[in-house]
């Protein structure tokens, strides 16, 4: 079970890092205005509009992988072994019982404190 959690956590971290990188590489909505006025940014690796479609779909796939890994980690993190008793029974068995010695001096019956004579 520990190996499965390690694999899921590794996939989640890698998808998160890849998603951060893809989001930072993508252009904003206002970036297309510069290309409309001849900025020269439209001549990219994927063409004028191909990169936006490819990057947004890849980001969506990575977000889905991240979400599924998060749900799996939450599910496996909340699994508890089935116990047949209550919590109080387990606490009572674990707490040691301390006996009070019978030779303890008794407190004076009156509420006033006794002052020793000089």
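The table that follows gives values for the structure above.
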| item | result |
| --- | --- |
| Evaluation of residue 69 against (1) farther than 24 Å from residue 1 by Cα; (2) at pLDDT 90 or above (one fails), failing number | (1) |
| Residue pairs meeting the criteria (Cβ under 7 Å; at least 6 apart or on separate chains; first closer than 27 Å to residue 5 by Cβ, in segment 75-94; second surrounded by 10 or more Cβ atoms within 10 Å (Cβ to Cβ) and at pLDDT 65 or above) | 76/5 |
| Any hit, segment 48-58, residues being surrounded by fewer than 11 Cβ atoms within 10 Å (Cβ to Cβ), within 30 Å of residue 77 (Cβ to Cβ) and at pLDDT 85 or above | no |
| Residue that is modelled with the highest pLDDT [pool: residues in segment 26-38 that are out of contact with any helix residue (DSSP H, G or I) (no Cβ under 6 Å at 6 or more places or on another chain) and either within 23 Å of residue 68 (Cβ to Cβ) or surrounded by 12 or more Cβ atoms within 10 Å (Cβ to Cβ) (or both)] | 27 |
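The values are calculated or read from the model by the stated rules, or taken from the named source; none is laboratory data. Not measured: the values here are computed from a predicted model. When we count neighbours, we look across all protein chains shown, and the Cβ atoms used for this are built from the backbone with ideal geometry, even at glycine.
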